[in-house]
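Comments concern the structure below.
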């Protein structure tokens, strides 16, 4: 398993979203980083793994039940974790139905080194409730009392929307974990 698998998996999920998107879709790249750590201890009964990061910090992680090969992870092993996320924003057409969905997928490696891939994607329909071209920033309100405000790097994108526009926001994130001896 490699970082490429996580990027391809997340990219495939994004392409599924943008395939159905009509005009005015904007992809906002998010985080993409990899950390490397050394396994310090494994507590199998409680599914706890203590790792030491490259900065020397100790972290204890609860392994999910889907981590079926936890018994193969030993002190001294190297853990590589790659995280990737992004957001796709698409202006909705008048009369288009609201969306509120979540999809997730987890897979554990069956051969080679222990590892797993987890990906999730959530799409909601939200309404733009604030735009400030001076900052520049945008605010949204959505289902279940959800709200969000953020600075915007692309000021021209803000000029293409207005307060009251409905948009579909799709978050995609993927995590790839691999263990090497």
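The values are calculated or read from the model by the stated rules, or taken from the named source; none is laboratory data. Keep in mind it's a predicted model, so treat the numbers as computed, not measured. All Cβ positions, even for glycine, are placed from backbone atoms using ideal geometry, and neighbour counts span all protein chains on display.
Look at residue 5 and say whether it is modelled with pLDDT under 85, surrounded by 15 or more Cβ atoms within 10 Å (Cβ to Cβ), over 27 Å from residue 167 (Cβ atoms) and under 17 Å from the mean Cα position of the chain (by Cα). In short, yes. In segment 52-68, the residues that are without any contact (Cβ under 8 Å) to a residue 40 or more places away in the chain and at negative phi reach residues that are surrounded by 10 or more Cβ atoms within 10 Å (Cβ to Cβ) and part of a loop (DSSP other than H, G, I, E, B) with C-beta atoms within less than 8 angstrom, at least six apart or across chains, in these pairs: 62/47; 63/47; 65/47. Any residue at all in segment 163-175 that is outside any strand (DSSP E or B), closer than 15 Å to residue 90 by Cβ and touching a strand residue (DSSP E or B) at 6+ places or on another chain (Cβ under 6 Å)? Scanning segment 163-175 turns up at least one residue that is outside any strand (DSSP E or B), closer than 15 Å to residue 90 by Cβ and touching a strand residue (DSSP E or B) at 6+ places or on another chain (Cβ under 6 Å). Among the numbered conditions (1) in contact with a helix residue (DSSP H, G or I) (Cβ under 8 Å, 6 or more places away or on another chain); (2) within 30 Å of residue 107 (Cα to Cα), the only one that residue 133 does not meet is (2). For residue 166, the conditions (1) more than 30 Å from residue 40 (Cβ to Cβ); (2) over 21 Å from the mean Cα position of the chain (by Cα); (3) modelled with pLDDT under 90 are fulfilled apart from (3).
Per the listing 48, 70, the residue uniquely in contact with a helix residue (DSSP H, G or I) (Cβ under 8 Å, 6 or more places away or on another chain), at pLDDT 90 or above and either surrounded by fewer than 16 Cβ atoms within 10 Å (Cβ to Cβ) or under 19 Å from residue 110 (Cβ atoms) (or both) is 70. Restricting attention to segment 34-45, the residues that are touching a helix residue (DSSP H, G or I) at 6+ places or on another chain (Cβ under 8 Å) and without any contact (Cβ under 8 Å) to a residue 24 or more places away in the chain total 0. The residue of segment 92-130 that is surrounded by the fewest Cβ atoms within 10 Å (Cβ to Cβ), among those that are over 30 Å from residue 80 (Cα atoms) and in contact with a helix residue (DSSP H, G or I) (Cβ under 7 Å, 6 or more places away or on another chain), is 100.
The single condition from (1) surrounded by 12 or more Cβ atoms within 10 Å (Cβ to Cβ); (2) out of contact with any helix residue (DSSP H, G or I) (no Cβ under 6 Å at 6 or more places or on another chain); (3) closer than 30 Å to residue 69 by Cβ that residue 165 fails is (3). Taking residues in segment 140-165 that are touching a residue at least 60 places away in the same chain (Cβ under 8 Å), and partners anywhere that are surrounded by 11 or more Cβ atoms within 10 Å (Cβ to Cβ) and part of a loop (DSSP other than H, G, I, E, B), the pairs with Cβ atoms closer than 7 Å and at least 6 places apart or on different chains are 160/24.
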